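K.L.:
Starting off with a structure, shown below.
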Amino acid sequence: MPVAGAIAFAAHLAVYKNETPMEARTYTNFLATFLMISILIAVGQYRWRRLRAAVWRMRPLFTAAVLLLCAWELITAGWHWLPLPYFPSPAAVLQSMISDRTLLFDSTWHSLVLLLAGYFLGALAGFVSGVCIGWSDPARYWGMPLLKVIGPVPATAWIPLAMVISPSATLSATALIALAVWFPVTMLTASGISNTRASYLDVARTLGANQRYLIFRVAIPAALPSIFVGLFMGLGASFLTLVVAESVGVKSGLGWYVSWAQGWAEYGKVFAALIIMAAFFSTIMTLLFKLRDRVLVWQKGMIKW
Amino acid sequence: MVTSNLVAASALRVEEVCKSFPVLDVPGTSRPALGGISFSIAASELVSLVGPSGCGKSTLLRLIAGLDFPDSGELLVDEEKILGPSAARGLVFQDPNLFPWLTVRRNIEAGLVARGVLQEKRHEVDDFMRLVGLETFGRSYPHHLSGGMSQRVALARALINHPKVLLLDEPLGALDAFTRMRMQDEVLHLWENRRTTMLLVTHDIDEAIYMSDRILVMTSAPGRIDREIDIDLGRPRDRTSESFLRLRSEILEHLHFAGKAADVSA
């Protein structure tokens, strides 16, 4: 079966050799490596059960991915259906990814630092304010209106103001990402805390719990599923804010790289940065999912999303 | 009526307790839930509270637990006024209310952690897990447990604080008939073992007769103690014996009558 993937891929190799410019040797190598690995796996699975089990589920996905690359190449380099400077072939994208790797790596690094700084700041602030608003009535009275007024404004709307106020673009971008994360985290933490089942609190009280135990050992654990929803929403908002902030103010990072490359009409680089961005964001998202599965083991079988 | 000689030794004493709740759809009015409840329970006694649903049994239990306060009257444990919730009065609900984020072991430890005595009392956790027969389930999470097992964890969690009074609010109400009968024996076993004073709210008259030393029969609207019935049967009790069945029909008749009276007055 995995051979099917390999065959589709070999055909693709043939098409590719006729059409592309000479410079794209790397893409040939990339495809050849892929072919070799897939053949190795196809053969190896008969010897190692483990490998077979591991590959089995991923096989259709990888096949589809290769076919998709194949289609992309046929449309761009093969038949020139799309206007050229805007839609480079996969070979060209891979080429610019490799030739510009230092700058791309540097940009990813800057994005990562900025994102993590803003995200942690916002998540922490949101968690604290959410617990306060969810638990204490005075905090709810004063905090809720503030939250309702400031929260729905997209963090990116503050950019002009932030650029005037803050001495450094990085600082203001961090603050904006934090703001974007803060709102959903606060909202869902507060709702999780205030929706803690009253009977859990009653039981804890009859076990001799003081206020601290009720907050940290009952209300917060009970609110964790909701808090994680807030963290996920915050993560989405932080990606958006990061990219916008980088392309408007900050002079580094993937967002900046994309608009910079676009300015030079180097669309190979634009696509390269977009691919890296996709991989980068989805990795972070996956990490948060892993963290949630870890923290919420006790919920296993109760949630599905 | 029969309590006067017990007052001195009572572990729990309830004096003329009244409690009413505001009626939400008619502002400014309130509906009496408890209308002057008085009784007392001796140390190591197991007393049941039966009555029609909505007669205020659970309200009374919440007052004794200290989770709510009476409008008038007094509640005393060992002649000390109840001023709020305390580890001296354990409470087990119909829903076990185990903390789903804690393992069985950590649930049982919760009382020790809450009181900040886990270090000194850690050895007791194993004793209590054994007592309720869950020593192999320490690392399981509550959602893996059956109803009966969950309720056993809830019992162990309440008992680990060595409460003076254990309040049971229909603890076996959600279990199937077989599990319930087995759990009745287990609760009795715990009681005989530890001599903890217990107040059991139940709507199951067989359960009340099978388990308790004394039954308090309540009427509703407002809740009052209508009768006290001493159960002078030796343990273990035979659910089909003649005296058991006689008590049963006596209480049923009484509740039926009480229910009718309430209907007429309402």
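The values are calculated or read from the model by the stated rules, or taken from the named source; none is laboratory data. Everything quoted here is computed from the prediction, not taken from an experiment. Cβ coordinates were reconstructed from backbone atoms using ideal geometry, including for glycine residues, and neighbour counts include every protein chain displayed. Accessible surface areas use protein heavy atoms only, side chains included; no ligands, DNA or RNA. Shrake-Rupley method; radii C 1.70, N 1.55, O 1.52, S 1.80 Å.
K.L.:
I'm a student and want to see the number: the projected area of the Cα convex hull of segment B:4-265, averaged over all directions, in nm².
P.N.:
Over all viewing directions, segment B:4-265 projects a mean Cα-hull area of 15.5 nm².
K.L.:
Using only the alpha-carbon atoms of segment A:26-140, report the extent along each of the three principal axes, biggest first, to the nearest angstrom.
P.N.:
Extents along the principal axes: 65, 46, 28 Å.
K.L.:
Ok, one more. Once the dipole of chain A is set up with Lys and Arg at +1 and Asp and Glu at -1 on Cβ about the Cα centre, which of A:Ser99, A:Tyr267, A:Ile193 lies farthest towards its positive end?
P.N.:
Towards the positive end, the residue furthest out is A:Ile193.
K.L.:
Compute, for A:Val164, the solvent-accessible surface of its heavy atoms (probe 1.4 Å) with the complete set of protein chains present, and express it in square angstrom to the nearest 10.
P.N.:
Its accessible surface works out to 120 Å², give or take rounding.
K.L.:
Taking all protein chains in place and a 1.4 Å probe, what share, in percent, of the accessible surface of the protein assembly as shown do carbon and sulfur account for? List each step's numbers first, then the result.
P.N.:
On the way: 18300 of 28790 Å².
With neighbouring chains kept in place, the figure for the protein assembly as shown is 64 percent.
K.L.:
Here's something else I'd like to know. Return the calculated 222 nm mean residue ellipticity for the protein assembly as shown, to the nearest 500 deg cm²/dmol, obtained by summing -39500 (n - 2.57) across DSSP H runs with n ≥ 4 and dividing by the residue count.
P.N.:
It lands at -19000 deg cm²/dmol.
K.L.:
Show me, bin by bin at 10 Å from 0, the whole-percent P(r) of segment A:154-305 based on Cα pairs.
P.N.:
Values per bin, smallest distances first: 10, 28, 28, 19, 11, 4, 1.
K.L.:
So, one more: Averaged per residue, what accessible area in Å² does the protein assembly as shown show with a 1.4 Å probe, protein chains only?
P.N.:
Working: 28790 Å² over 571 residues.
Heavy-atom SASA per residue in the protein assembly as shown reads 50 Å².
K.L.:
With bins 20 Å wide starting at 0, give me the P(r) of the protein assembly as shown over every alpha carbon pair, in whole percents.
P.N.:
Cα pair-distance distribution for the protein assembly as shown, in percent: 16, 34, 25, 18, 7, 0.
K.L.:
Tell me, rounded to the nearest percent, the portion of alpha carbon pairs in segment A:78-175 spaced more than 17 Å apart.
P.N.:
Values: 3400 of 4753 pairs.
Tail fraction, whole percent: 72.
K.L.:
Any idea what angle helix A:254-263 forms with the longest principal axis of chain A, computed on alpha-carbon atoms, 0 to 90 degrees, nearest 10?
P.N.:
Between helix and principal axis, roughly 50 degrees.
K.L.:
So what's the angle, to the nearest 10 degrees on a 0 to 90 scale, between helix A:137-150 and the longest Cα principal axis of chain A?
P.N.:
40
K.L.:
Next question. If one computes the Cα centroid of segment A:129-187 and of segment B:51-87, what distance in Å separates the two points?
P.N.:
Rounded to whole Å, the Cα centres lie 44 Å apart.
K.L.:
Compute the helix-to-body angle for A:2-19: its Cα long axis versus the longest principal axis of chain A, expressed 0 to 90° and rounded to tens.
P.N.:
60
K.L.:
Compute a Gaussian network model of chain B, connecting alpha carbons closer than 10 Å, and tell me which residue from B:Lys121, B:Lys57, B:Lys164 fluctuates the most.
P.N.:
B:Lys121
K.L.:
Here is a further query. Of A:Lys148/A:Lys290; A:Lys300/B:Lys164; B:Lys121/B:Lys164; B:Lys19/B:Lys164, which pairs sit farther than 28 Å apart, going by alpha carbon to alpha carbon?
P.N.:
A:Lys148/A:Lys290; A:Lys300/B:Lys164
K.L.:
Only four residue types carry charge here, +1 at the Cβ of Lys and Arg and -1 at the Cβ of Asp and Glu. Report the dipole size of the protein assembly as shown about the Cα centre in Debye, rounded to the nearest 20.
P.N.:
Dipole of the protein assembly as shown, to the nearest 20 debye: 2000 debye.
K.L.:
Here's something else I'd like to know. Kirkwood Rh and Cα-based Rg: tell me the resulting Rg over Rh for chain A, rounded to two decimals.
P.N.:
1.09
K.L.:
Once you average over the residues of A:196-204, how many Cβ atoms of partner chains fall within 10 Å of each Cβ?
P.N.:
The mean count of partner-chain Cβ atoms within 10 Å per residue comes to 6.
K.L.:
Hey, what do the phi angles of segment A:86-91 turn into as Karplus ³J(HN,Hα) couplings, whole Hz, using 6.51/-1.76/1.60 and θ = phi - 60°, x for Gly and Pro?
P.N.:
My calculation for segment A:86-91 gives 7, 10, x, 6, x, 4 Hz in order.
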